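The values are calculated or read from the model by the stated rules, or taken from the named source; none is laboratory data. None of the values given here were measured: they were computed from a predicted structure. Every residue, glycine among them, receives a Cβ derived from its backbone with ideal geometry; neighbour counts consider all protein chains shown. Areas reflect the complete protein model, heavy atoms only, side chains present, ligands, DNA and RNA absent. Shrake-Rupley method; radii C 1.70, N 1.55, O 1.52, S 1.80 Å.
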Amino acid sequence: MRFLLDDEQSDFARSLDALLTAADTPAAVRSWSAGDPAAGRALWSRIADLGVFALAVPEEYEGLGPRPVELAVAFVELGRHAVPGPLVETVTSASLLTGPGLANLAKRFLPGVASGETVATVALPGGGPYVLDGDAADVEFVVGEGPGAVAVSDADAVSDADAVSEAGAVELWVSAPMASPRVRHSPRVRRSIDPARRLALPRAGGELLGTGPRIAAGAADALRWARLATAAQALGVGLALLDRTVAYVKQRSQFGVPVGSFQAVRHRLADAKIALEFARPLVFGAAVSMDPADVAAAKVAACEAAYATARTALQLHGAIGYTAEYDLSLWLTKARALRSAWGSPGECRAEVLGHGDGFGRLPRVPRDDLSGGGLRCS
Amino acid sequence: MDLTHSPADQAFRAEARAWLDAHVPARPLPSLETAEGFAAHRGWEAELAADHWSVVSWPAAYGGRDCGLVRWLLFEEEYYAAGAPGRVGQNGVSLLAPTLFDHGTEEQRARILPPMARGEVVWAQAWSEPEAGSDLASLRSRAVRTDGGWLLSGQKTWSSRAAFADRAFGLFRSEPDTPKPHQGLTYLMFDLRAPGVTVRPIGRLDGKPAFAELFLDEVFVPDEDVIGEPGRGWRVAMSTAGNERGLTLRSPGRFLASAGRLAALWHERGRDPFTRDRVADAVIGARAYQLFTYAAASRFLDGEALGPESSLNKVFWSEYDIALHETALDLLGVDGELADGELAGADRGWAEGYVFSLAGPIYAGTNEIQRDIIAERLLGLPKGRR
Ligand SMILES: Cc1cc2nc3c(=O)[nH]c(=O)nc-3n(C[C@H](O)[C@H](O)[C@H](O)COP(=O)(O)OP(=O)(O)OC[C@H]3O[C@@H](n4cnc5c(N)ncnc54)[C@H](O)[C@@H]3O)c2cc1C
């Protein structure tokens with residue numbers, strides 16, 4: 001038992017932080033929001049060069065992973081710097097295609113993900129109807145219930161030997177022809193409260209990649225990765241909001257003293273610190289166990305902490321915090337958006353208590369499980 | 001990042017569990033805030049101590065098992081999961097003992113710790129005074145030099161368990177004219193039944209005599225009962241305060257067990273949709289506290305001192321504890337109004353736990369004071385008008 005990051009992991013966080021600090025990330029965020037992904041894509045490849053996406057990809061597909069703890073380390077930094085793009089979704093796609101029986105899909109898509117070449121986005125059951133940054137991603141995976149009797153455009157691509165689409169069966173589709181990955185049109189984009197999150201409804205049509213229970217199981221697995229990465233990203237967003245606000249209240253004066261010397265201000269920041277510091281071990285604990293309930297708990301705690309910190313950050317900045325011009329808004333709006341992404345607080349809380357027949361399964365956990373393993377208890 | 005326990009640690013856990021399974025009283029003991037319950041709890045401490053389970057992290061020479069922080073955490077998880085009784089010796093074990101390990105003499109440790117481990121001498125903390133609460137350094141009780149020792153006079157208050165305890169430890173002003181209030185204080189131990197001591201029990205919210213006022217009139221204390229250097233008591237006391245807020249006062253095991261019982265209650269009561277989120281938050285909070293403590297323990301084992309981070313702990317567990325008990329009472333519906341002892345089975349104990357939890361944000365340094373520490377020492381915010 002040594003529940004701390006090791007030196008290598010801390011160094012990894014520091015290099016990512018240094019890269020992103022030097023990169024003028026806020027400018028990349030703003031152009032991404034305006035529909036111009038060039039700067040964001042450039043940032044993407046530099047992040048990929050540090051190995052971030054390779055952490056989600058198994059070694060046999062030119063990756064380094066899967067390594068959830070290191071991914072969590074990375075996503076805290078990506079959140080701290082408000083990096084735009086379908087970061088969580090790319091990692092989630094990698095996990096989806098790593099499922100059993102999908103080797104040919106993994107071979108086809110994952111090396112590109114690992115190297116940073118492929119920006120992927122995804123929609124899964126339990127994650128809402130939109131694909132994030134559908135206008136900027138190279139490839140879009142959609143898992144959902146099939147309408148039945150659809151034509152399979154490329155039968156070779158279907159990995160399940162007899163993947164005949166049945167009504168109501170779970171299907172995995174890919175769209176966006178790989179031949180022209182950078183050609184995008186964006187009429188499908190729906191504005192998010194966070195302008196850097198460009199939500200789109202999945203494209204119609206595309207290529208059926210697989211169908212059946214395997215896909216359903218893979219999607220459930222991938223949801224854990226989506227939630228873990230979102231939780232880590234939200235923690236990073238919250239930490240950035242706290243840091244920026246602490247710096248601001250030290251320097252902003254009213255009544256002849258720094259605003260940060262007023263107890264009403266200090267105590268709100270102390271509460272933000274407490275919430276974030278107790279979300280942190282949940283995020284890393286979930287990365288260690290990858291138990292669905294642990295992951296859901298981390299998602300609730302990190303998103304709630306980040307959101308509460310956002311409310312505090314806005315209040316303590318006064319009116320300047322309420323403007324789109326000031327960079328604080330890049331984190332403020334993301335904190336709100338991440339709360340709903342990949343499972344609302346309510347859905348994640350239900351997962352914590354265990355579901356099944358109307359979230360009734362609440363096993364009397366053997367004492368062994370009170371530490372180390374899963375979270376559900378009764 | 002490793003959450004697995006070594007085979008040796010797991011064996012320790014299994015041994016603890018087996019012992020607890022065989023020894024934990026089948027029926028809960030009476031409340032330890034009553035004379036009868038206090039006596040029953042002393043008996044339980046003695047039973048624990050007979051097999052070296054009362055203070056597992058202490059050196060064997062004083063009745064412990066010499067085991068480290070991780071095993072202490074595992075023991076606590078097992079202890080509360082087994083539904084074992086609350087610890088009547090807690091003030092001594094988690095506040096005075098660490099102080100003696102850091103600042104006491106070998107003679108003091110040998111004399112004081114073994115009977116503390118056996119529950120024969122139960123200790124009370126005598127810090128607060130009627131005019132010295134959050135501003136503890138403004139305390140006025142005096143220690144005056146006399147032949148071979150000191151004479152204590154003054155008034156202490158809110159001393160937990162002092163109604164039935166044997167001895168107390170606290171701070172006294174030994175040099176009245178120092179430039180700063182936290183100078184010239186001496187840390188002493190005294191007998192609650194010594195001549196000159198009057199103990200007046202005070203009923204807490206539910207009327208039980210959970211704490212007491214102490215009136216001291218020239219109470220003699222020999223030199224051997226001074227902890228650390230005379231006049232330097234503040235520093236000694238602050239190390240005790242760190243322990244109080246930090247790792248040891250509220251072990252995660254306690255909250256894991258309570259959250260587990262709450263989730264079970266929710267299940268039994270038809271999975272009430274109105275409390276579902278709060279029940280889930282109780283489970284999440286217990287896990288967060290457990291993992292936070294594991295991280296703190298890992299840092300401690302790496303040689304880092306426990307610093308102002310312990311203030312994060314204190315605010316977290318105290319507010320968590322109230323939320324957990326409030327949720328249980330809400331889940332009980334109209335039965336949530338009933339006082340402790342009116343309910344049985346899984347419904348039992350929540351009312352008393354609730355009353356106890358309400359004091360958490362007040363004692364061990366109020367949460368307002370903790371937030372000031374967090375703001376100044378962890379966030380680097382400027383000091384200001386409080
Ligand atoms: C159940 C229980 C058990 C206790 N057990 C013991 C014990 O065993 N031994 C012992 O010595 N003491 C004990 N205490 C006393 C406890 O330590 C004190 O109650 C505590 O330190 C607060 O002091 P006070 O009650 O005098 O409140 P005060 O200090 O008078 O404070 C009143 C209110 O003002 C707030 N306040 C004060 N100063 C500030 C500031 N600078 N900024 C913001 N807010 C401020 C406080 O936070 C509080 O909300 C116990 C108390 C309780 C409730």
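Once segment A:1-50 is narrowed to residues that are in a helix (DSSP H, G or I), without any contact (Cβ under 8 Å) to a residue 60 or more places away in the chain and closer than 17 Å to A:Ala137 by Cα, the residue that is most open to solvent (accessible area, probe 1.4 Å) is A:Arg46. Between A:Lys299, A:Lys334, A:Lys250, the distinction of being facing chain B (nearest Cβ under 8 Å), of a type in the set (D, E, K, R) and outside any loop (DSSP other than H, G, I, E, B) belongs to A:Lys250 only. Among the residues of this structure, A:Ala270 does not count as one that is farther than 14 Å from B:Ile284 by Cα and more than 7 Å from every other protein chain (Cβ to nearest Cβ).
Taken residue by residue, segment B:234-245 has at least one member that is at pLDDT below 95 and among the acidic types (Asp, Glu). Kindly check whether there is at least one residue in segment B:345-360 that is within 12 Å of the ligand (Cβ to nearest atom), in contact (Cβ under 8 Å) with a residue 24 or more places away in the chain, outside any helix (DSSP H, G or I) and away from chain A (no Cβ under 11 Å). Within segment B:345-360, one or more residues are within 12 Å of the ligand (Cβ to nearest atom), in contact (Cβ under 8 Å) with a residue 24 or more places away in the chain, outside any helix (DSSP H, G or I) and away from chain A (no Cβ under 11 Å).
Every residue, every condition in (1) open to solvent by 30 Å² or more (accessible area, probe 1.4 Å); (2) touching a helix residue (DSSP H, G or I) at 6+ places or on another chain (Cβ under 8 Å); (3) closer than 25 Å to B:Ile374 by Cα, yes or no:
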site: B:Ala264; (1), (2), (3): no, yes, no
site: B:Val279; (1), (2), (3): no, yes, no
site: B:Leu306; (1), (2), (3): yes, yes, yes
site: B:Leu343; (1), (2), (3): yes, yes, no
site: B:Ala351; (1), (2), (3): no, yes, no
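Of the residues examined, A:Val113 is not one that is closer than 26 Å to A:Leu239 by Cβ, open to solvent by less than 20 Å² (accessible area, probe 1.4 Å), in contact with a Phe, Trp or Tyr (Cβ under 7 Å, 6 or more places away or on another chain) and not aromatic (Phe, Trp, Tyr). Quick check on my filter: what residues within segment B:127-176 are among the aliphatic types (A, V, I, L, M) and surrounded by fewer than 22 Cβ atoms within 10 Å (Cβ to Cβ)? The answer is B:Ala132, B:Leu136, B:Ala137, B:Val144, B:Leu151. Checking the structure you have, find out if any residue of segment B:245-257 is of a type in the set (D, E, K, R), in a loop (DSSP other than H, G, I, E, B) and within 14 Å of the ligand (Cβ to nearest atom). Looking for residues that are of a type in the set (D, E, K, R), in a loop (DSSP other than H, G, I, E, B) and within 14 Å of the ligand (Cβ to nearest atom), one finds at least one in segment B:245-257, hence yes.
Residues in segment B:9-67 that are assigned to a helix (DSSP H, G or I), under 13 Å from B:Ala84 (Cα atoms) and among the aromatic types (Phe, Trp, Tyr): B:Trp19, B:Trp44. Just to be sure before I move on: is B:Ile322 modelled with pLDDT of 90 or more, among the aliphatic types (A, V, I, L, M), crowded, with 23+ Cβ neighbours inside 10 Å and in a helix (DSSP H, G or I) in the structure I sent? Considered against the rule, which asks whether it is modelled with pLDDT of 90 or more, among the aliphatic types (A, V, I, L, M), crowded, with 23+ Cβ neighbours inside 10 Å and in a helix (DSSP H, G or I), B:Ile322 comes out as no.
Of all the criteria given as (1) without any contact (Cβ under 8 Å) to a residue 60 or more places away in the chain; (2) away from the ligand (no atom under 16 Å from the Cβ); (3) in a loop (DSSP other than H, G, I, E, B), the one not satisfied by B:Ala339 is (1).
Can you confirm whether B:Ala194 is closer than 30 Å to B:Glu76 by Cα and part of a loop (DSSP other than H, G, I, E, B)? The answer is no for B:Ala194.
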